[in-house]
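The values are calculated or read from the model by the stated rules, or taken from the named source; none is laboratory data. For clarity, every value in this text was computed on a predicted model and none was experimentally measured. Backbone-built Cβ (ideal geometry, glycine too); neighbour counts: all protein chains shown. The protein model used for the area step is the full one, side chains on, heavy atoms only, and it has no ligands, DNA or RNA in it. Shrake-Rupley method; radii C 1.70, N 1.55, O 1.52, S 1.80 Å.
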Amino acid sequence: MWNHADIAGIGMTSQRTRDRMVARLREQGIEHPAVLDTMRSVPRHLFVDEAMASRAYEDASLPIGEGQTISQPIIVAKMTEILLSSPNMRHVLEVGTGSGYQAAVLSRLVSTVHSVERIRSLLFKARERFRALGYNNILTRHSDGAWGWAGRGPYDGIIVTAAPPSIPDALLDQLSIGGLLVCPVGKQSGDQTLTVVHRTQHGFQTEYLDAVRFVPFLTGKL
Ligand code: SAH
């Protein structure tokens, strides 16, 4: 699918462009060295359509088809950093594979990523990318993520990359004790809050972070 030159990138997708993206992430408050290193090395330009490749390292979300978007680099970095704030983050579930970029970044930092996506055509493209890049610790499933992926849980971390009106119970059930879930919650695109839930021996603790803008979490498979 790709050769080494494609993966390395040229011009607007080159290593220098990626270094500038990482410098911006630092300015925006990302501190975790492994997160910054991973964002430098994963070729984001291969997760967007070719026509958009030159814009891949901009501080922007971009269309990936089917009305969906790849999140801005700062959002990917922030959600990844939140997950890694827990000391034993090995087994992660992502809801909303989309382009596969968030899963790709996570896969370099944890042992296994399980990722579910409701739109088949997006999932198939993401799988091709994982295969071509050799990201073999990402397992995917075509499914409505409201059900999580029970057979493979519980998970140390769950990351949701579309916004539901409230966090689905099945996801909370599949979170391990000591685990951490990060999810944008809210009904409309202008009214979502990045929400972090810690599961403890005694129950769930919820923390509300920044206002964010994600595509909606929808039900059913396409
Ligand atoms: N993590 C992705 C972000 C893609 S946008 C990336 O890095 O590119 C969010 C994705 O969530 C979309 O692809 C959308 O189809 C998917 N999604 C929305 N509701 C879902 C649901 N109930 N189950 C699974 N995926 C869902």
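In summary, the stretch 61-212 shows an alpha-carbon radius of gyration equal to 0.96 times the 2.2 N^0.38 Å reference for compact globular proteins. Compared with the dominant Cα axis of the chain, that is its longest principal axis, helix 15-27 is turned about 40°. Placing pseudo-labels 7 Å out from each Cα toward the beta carbon at Arg20 and Asn136 gives an inter-label distance of 3.7 nm. Solvent-accessible surface of the stretch 87-130, averaged per residue with a 1.4 angstrom probe and all protein chains in place: 31 square angstrom. Using only the Cα atoms of the stretch 12-145, build the gyration tensor, take square roots of its eigenvalues as a ≥ b ≥ c, and label the shape rounded, prolate or oblate: rounded if a/c is under 1.5, else prolate if a/b is larger than b/c, else oblate. Oblate. Across the options Gly96, Phe214, Thr195, the greatest Cα extent toward the positive end of the charge dipole of the chain (unit charges at beta carbon of Lys, Arg, Asp, Glu) belongs to Gly96. Looking at the stretch 164-222, the accessible area is 57 square angstrom per residue; that uses a 1.4 Å probe and ignores ligands, DNA and RNA.
Percent of alpha carbon pairs in the stretch 133-186 separated by more than 18 Å?
Tail of P(r) above 18 Å: 34 percent of Cα pairs.
For the stretch 61-212, relative contact order (Cα pairs under 8 Å, six or more residues apart, normalised by length) works out to 18 percent. What you get for the chain, charging only the Cβ of Lys and Arg (+1) and of Asp and Glu (-1), is a dipole of about 440 debye around the Cα centre. Averaging Cα coordinates gives a centre for the stretch 20-69 and one for the stretch 123-165; these two points are 19 Å apart.
Order of 127-140, 170-183 by packing, highest average Cβ count within 10 Å first?
170-183, 127-140
Rounded to the nearest 500, the 222 nm mean residue ellipticity of the chain from helices alone is -8500 deg cm²/dmol, with -39,500 (n - 2.57) taken per DSSP H run of at least 4 residues.
Net charge dipole, the stretch 43-89: roughly 140 debye, given to the nearest 20, about the Cα centre with Cβ charges of +1 for Lys and Arg and -1 for Asp and Glu. With θ taken as phi - 60° and the Karplus curve 6.51 cos²θ - 1.76 cosθ + 1.60 applied, the whole-hertz 3J(HN,Hα) list for the stretch 89-98 is 8, 10, 10, 10, 10, 10, 10, x, 4, x Hz, x standing for glycine and proline. Against the chain, whose longest principal axis comes from its Cα atoms, helix 120-133 is set at around 60 degrees.
The stretch between Ala34 and Phe204 holds 58.4 nm of extra length on full extension. This uses 0.36 nm per residue minus the Cα-Cα distance. Among Trp147, Ser41, Met21, flag the residue with its Cα farthest along the positive direction of the charge dipole of the chain, charges on Cβ as +1 for Lys/Arg and -1 for Asp/Glu. The Cα lying farthest towards the positive end belongs to Ser41. Solvent-accessible area assigned to carbon and sulfur over the stretch 61-212 amounts to 48 percent, based on a 1.4 Å probe. Rounded to the nearest 20, the size of the Cβ-charge dipole of the stretch 53-124 about its Cα centre is 160 debye, with Lys and Arg at +1 and Asp and Glu at -1.
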